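Accompanying notes for the structure given below.
The values are calculated or read from the model by the stated rules, or taken from the named source; none is laboratory data. What you are looking at is a predicted structure, and each value in this text was computed from that prediction instead of being measured. Neighbour counts are summed over all protein chains in view; Cβ atoms, including those assigned to glycine, are modelled from backbone coordinates with ideal geometry. We work out accessible area using only protein heavy atoms, side chains counted, and drop any ligands, DNA or RNA first. Shrake-Rupley method; radii C 1.70, N 1.55, O 1.52, S 1.80 Å.
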Amino acid sequence: MQNYLTDRFFRVKVGVHLSSVHTQDNGIPQSSPLSGTFFLVAINDILNAIPYPIKPLLFVDNLSIHVQSGCARHAHRILQSVVKLIEEWLSSRGYRISSSKTEIIFEKRKSKTQLLPLLIGNHPNPEFETTKVLGLWFQSRHSWLPHIKQLKAKCLRALNILKYLAHPITGCNRKVLLPLYQALILSILDYGAPIYGLAPHPQLTLLETIQNSAILIYTGAFCTSPALSLCAESGLPPLHCRRLTLTAGLLSSIVQLPYTSIHEYLFSKTCTKPTFNRAHTYMKSTGKERPLSIFSKMSEDKPFCSE
């Protein structure tokens, strides 16, 4: 490891011109299979520098910190103090926070609450109304409408590919168009479905037209065909049923990990989250509740735990 990280040199190429050779004093070499592993080893300890009540989430080089408080100004003071601790930890190891890639969002119920911007590197970072975290758009007003609109716009752009390939003379047949729809559009709709599926029904109906339009394209059905008839013809379930199926599958995976915090949160007797209730009701109606009961029994027996 020491041999890999020391005595490294680099040059910069612009067009056909090369710069002089410079020594790499810190950081890791780029474009190497081991670079990502070494970076994770170096950055993982940052979670130990973040005190309670901040809840950190780290995904490679994307760090997200959250705090919950009944007073927005109190939460602002806590975040500002923790940001300073993070900056000190990073500067001691040769890193720094990119202020241009940092977004701050306060989810508050009162829209008249005015807060000062957080300081990152002595530069004020303004507050955003929406922010994107791991592909999901969150809004300060607790609404999933911005994410659904972004999702619909992205799917409509991919739908143009199906329209081009579904030409009645030179286009592809439905055996090719259906896998294309599943790969290009349905995969986008599936990502994060158990989470944004908590949105109100009028907002989720904005996505129904995407699947209906795609089925009309690759089946050649009339525009006046009922949506359920299109699903039956294509063999695809409606989107609301698919979201419930994905949520049920997620719960089935979580129930196999009884010692995690998410299991305790979702499967406690006092949990009234609509995510669990909707999926559990759907699993009962479709006869998919049995795997959950089997996994629950296995977790109670603890066959792999030593005495």
Here the residues within segment 186-212 that are open to solvent by less than 60 Å² (accessible area, probe 1.4 Å), of a type in the set (Val, Ile, Thr) and either in contact with a Phe, Trp or Tyr (Cβ under 6 Å, 6 or more places away or on another chain) or closer than 22 Å to ILE161 by Cβ (or both) are ILE188, ILE210
Within segment 1-22, residues open to solvent by less than 80 Å² (accessible area, probe 1.4 Å) and of a type in the set (A, V, I, L, M) come out as LEU5, VAL12
Looking at segment 140-150, can you tell me whether even one residue there is open to solvent by 60 Å² or more (accessible area, probe 1.4 Å) and among the aliphatic types (A, V, I, L, M)? no
> Within segment 224-232, can one find any residue that is in contact (Cβ under 8 Å) with a residue 24 or more places away in the chain and open to solvent by 20 Å² or more (accessible area, probe 1.4 Å)?
Replying inline: no
If we keep only residues of segment 45-55 that are in contact with a strand residue (DSSP E or B) (Cβ under 7 Å, 6 or more places away or on another chain) and part of a loop (DSSP other than H, G, I, E, B), then the residue surrounded by the fewest Cβ atoms within 10 Å (Cβ to Cβ) is ILE50
Residue pairs qualifying under the 7 Å Cβ cut-off, at least six apart or on distinct chains, with the first in segment 23-44 being open to solvent by less than 50 Å² (accessible area, probe 1.4 Å) and the second being not in a loop (DSSP other than H, G, I, E, B), are GLN24/PHE9; GLN24/PHE10; ILE28/LEU5; ILE28/SER35; ILE28/PHE38; ILE28/PHE39; PRO29/SER35
